[in-house]
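For reference, the structure discussed in these notes is given below.
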Amino acid sequence: MEKVKEIAAGKAKSMFTTNNPNELIMEFRDDASAFDGKKRASLAGKGAVNNQFNAFIMDYLGDNGVDHHLINLMDNTHSLVHSLDMFPIECVIRNRATGSICRRLGTEDGLILEKPLFEFFLKDDDLGDPLINRNHIVSFGWAKDDELDEMISTSHKVNELLTKLFADSGMILVDFKLEFGVSSGKILLGDEFTPDGCRLWDDQTLEKLDKDRFRQDLGDVIESYHMVAHRLGMQIKVD
Ligand code: ADP
Ligand code: TMP
Ligand code: ASP
């Protein structure tokens, strides 16, 4: 399968059409972005580790009953995916309070929540991805009630599966963001699951192993992504 035309160049990935109108090539670039694009850098090797990391996680979720867009890994930095009509929303699950929720509610950093917290954000960098609720989404027509029910329940299922997967390798899945879209009337998990879109802490030291290393200038960002991949048993190809 060959790239035909670039249809989107996001902050970290580019999407290309193919000869098949239902399939896209997703390229993971080395670009890193945080704070809705306000902080940017190029981190050598990020595209390769994230592309392969994402494929490993999507395969694992697929094997456990989560429908997703990945068709196959093409090479180190490219994946073939089903073309989706994306919902313009981000689904976030938090197991511990950190990041924006602490700024919003003044809660203690790292607080273990009584039960996983689900939140919707509008995908709009210019507005700083504001927190919204399902009434906003339904009233503005961004998604329907039954579609939201499905995204919420799939997000919780992903949380259960991945919390255990990471815990078995000594890591805490603190929070993460998912994006969904529709293909042939079916809701599929789209976009990516990588250390760019989640928070992972070492379960002994609470060391941050995810994109917070970039956000907070902690160093060793890509080394850390590789360490997470290695702990999960992935063989990441780098050349
Ligand atoms: P952004 O800068 O928008 O956060 P990325 O750099 O990750 O994002 O670019 C990927 C873009 O492709 C995002 O807008 C995402 O919603 C979109 N996308 C992800 N998966 C699919 C898919 N299967 N079909 C169509 N669009 C997708
Ligand atoms: P937050 O604490 O900044 O709201 O982020 C919660 C989680 O969601 C964290 O793992 C990062 C992820 N996330 C993204 O990857 N992209 C986004 O645009 C947002 C809002 C969150
Ligand atoms: N995903 C957003 C960005 O890439 C927000 C963040 O990660 O801080 O800028």
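What number does the range 22-82 give for Rg over Rh if you use C-alpha atoms and the Kirkwood radius?
Result: Rg/Rh = 1.04.
How large, in Å, is the range 113-239 by the Kirkwood hydrodynamic radius built from its alpha-carbon pairs?
Working: mean 1/r = 0.0610 Å⁻¹.
This gives a value of 16.4 Å.
Short version: what are the Cα gyration tensor semi-axes of the range 1-103, square root of 5 times each eigenvalue, largest first, in whole Å?
On the way: eigenvalues 118, 68, 41 Å².
Ellipsoid half-lengths, sorted descending, are 24, 18, 14 Å.
Under the rule that an exposed site lies in a DSSP loop and has at most 12 other Cβ atoms within 10 Å, name the longest stretch of the chain with no GluC sites (Glu not before Pro) of that kind, not counting the sites themselves. If you can, show how the numbers build up before the last one.
On the way: sites that count: Glu2, Glu108.
Longest run free of exposed loop sites: 109-239.
Quick check on the range 69-127: take the gyration tensor over C-alpha atoms, sort the square-rooted eigenvalues as a ≥ b ≥ c, and tell me if it's rounded (a/c under 1.5), prolate or oblate.
The shape class here is prolate.
Which residue, Leu84, Leu113, Leu200, tops the fluctuation ranking in a GNM of the chain built on C-alpha contacts under 10 Å?
Maximum among the listed residues: Leu113.
Once you mark the chymotrypsin sites (Phe, Trp or Tyr not before Pro) that are in a DSSP loop and have at most 15 other Cβ atoms within 10 Å, what is the longest gap between them in the chain?
Between the exposed loop sites, the longest stretch runs 36-139.
Kindly provide the helix-only [θ] at 222 nm of the chain, computed as the sum of -39,500 (n - 2.57) over DSSP H runs of four or more divided by all residues, to the nearest 500 deg cm²/dmol? Don't skip to the end; give the middle numbers.
Details: 6 runs with 68 residues, N = 239.
Only helices count here, giving -8500 deg cm²/dmol.
Tell me the Rg and the Dmax, in Å, that the Cα atoms of the range 36-177 produce.
16.4, 44
Report, please, the projected area of the chain averaged over directions, based on the convex hull of its C-alpha atoms, in nm². Working shown, then result.
On the way: hull surface 51.5 nm².
Directional mean of the projected Cα hull area for the chain stands at 12.9 nm².
In percent, what relative contact order does the range 1-136 have, based on Cα pairs under 8 Å that are 6 or more apart in sequence?
Working: 234 pairs, mean separation 21.9, N = 136.
Computed over the range 1-136, the figure is 16 percent.
Report the gain in length on full extension from Tyr60 to Asp125: 0.36 nm times residue separation, minus Cα-Cα distance, nm rounded to one decimal. All intermediate terms of the calculation are to be shown ahead of the outcome.
Details: separation 65, 0.36 × 65 = 23.40 nm, distance 3.00 nm.
Computed gain between Tyr60 and Asp125 is 20.4 nm.
Could you give the C-alpha radius of gyration of the range 152-219 expressed as a fraction of 2.2 N^0.38 Å, taking N as the number of residues it contains?
On the way: Rg = 13.8 Å, N = 68, 2.2 N^0.38 = 10.9 Å.
Its radius of gyration relative to the 2.2 N^0.38 Å reference: 1.26.
Here, each number is a calculation from the coordinates, and none is a lab measurement. Just so it is clear, the model here is predicted, and its values are computed rather than measured. A quick note on method: Cβ atoms are made from the backbone with ideal geometry, for glycine too, and the neighbour counts reach across all protein chains shown.
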